[in-house]
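Here is the structure we will look at.
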Amino acid sequence: MTASRVRYERIIRALQITSRVTLVAALAGTFIPGGNGRSASAVAVSLVIAAPLLRVSWLAYRWWRWGDRLFASVAASLLLIVGTGTAVALLTR
């Protein structure tokens, strides 16, 4: 196993699990009728949206901890933009 693989093992594993759960939820949403199917579809869509944001959050934390303030600031700015867009969308609907 390479050094970078060991360093990122937790995030790799978390993304693999998230991908599998998303696939199961999407399939359930496709084949289960009614409210349960809609709920499963909502979970799948939520995971597709949340997984990259959690990864950026994780990277921002690591970059800040390692002392790379520029990359951490860019990642935090990206999260701030997404959060602001979400707030505007919720408040204006």
### Query
Would you call A87 more than 25 Å from L15 (Cα to Cα), of a type in the set (A, V, I, L, M, F, W, C), without any contact (Cβ under 8 Å) to a residue 24 or more places away in the chain and part of a helix (DSSP H, G or I)?
yes
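Could you tell me whether the stretch 53-65 includes any residue that is assigned to a helix (DSSP H, G or I), of a type outside the set (S, T, Y) and in contact with an Asp or Glu (Cβ under 9 Å, 6 or more places away or on another chain)?
Initial filter on the stretch 53-65 (assigned to a helix (DSSP H, G or I)): 53-65.
In the following step, the residues that additionally are of a type outside the set (S, T, Y) were identified as 53-56, 58-60, 62-65.
Filter once more, so that each one left must be in contact with an Asp or Glu (Cβ under 9 Å, 6 or more places away or on another chain): 62.
Taking every residue of the stretch 53-65 in turn, at least one turns out to be assigned to a helix (DSSP H, G or I), of a type outside the set (S, T, Y) and in contact with an Asp or Glu (Cβ under 9 Å, 6 or more places away or on another chain).
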### Task
Could you figure out which of (1) under 22 Å from Q16 (Cβ atoms); (2) at pLDDT below 95 isn't true of P33?
(1)
### Query
Does V74 satisfy being part of a helix (DSSP H, G or I), of a type outside the set (S, T, Y) and touching a Leu at 6+ places or on another chain (Cβ under 7 Å)?
no
### Query
Just for the stretch 49-90: of the residues that are modelled with pLDDT of 95 or more and in contact with a Ser or Thr (Cβ under 8 Å, 6 or more places away or on another chain), which one is surrounded by the most Cβ atoms within 10 Å (Cβ to Cβ)?
A75
### Message
I want to confirm something. Restricting to the stretch 1-24 and keeping residues that are more than 27 Å from A44 (Cα to Cα) and in a loop (DSSP other than H, G, I, E, B), which single residue is modelled with the lowest pLDDT?
### Response
M1
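The values are calculated or read from the model by the stated rules, or taken from the named source; none is laboratory data. Small disclaimer: the values here were computed from a predicted structure and weren't measured. Here Cβ is always computed from backbone atoms with ideal geometry, including for glycine, and neighbour counts include all displayed protein chains.
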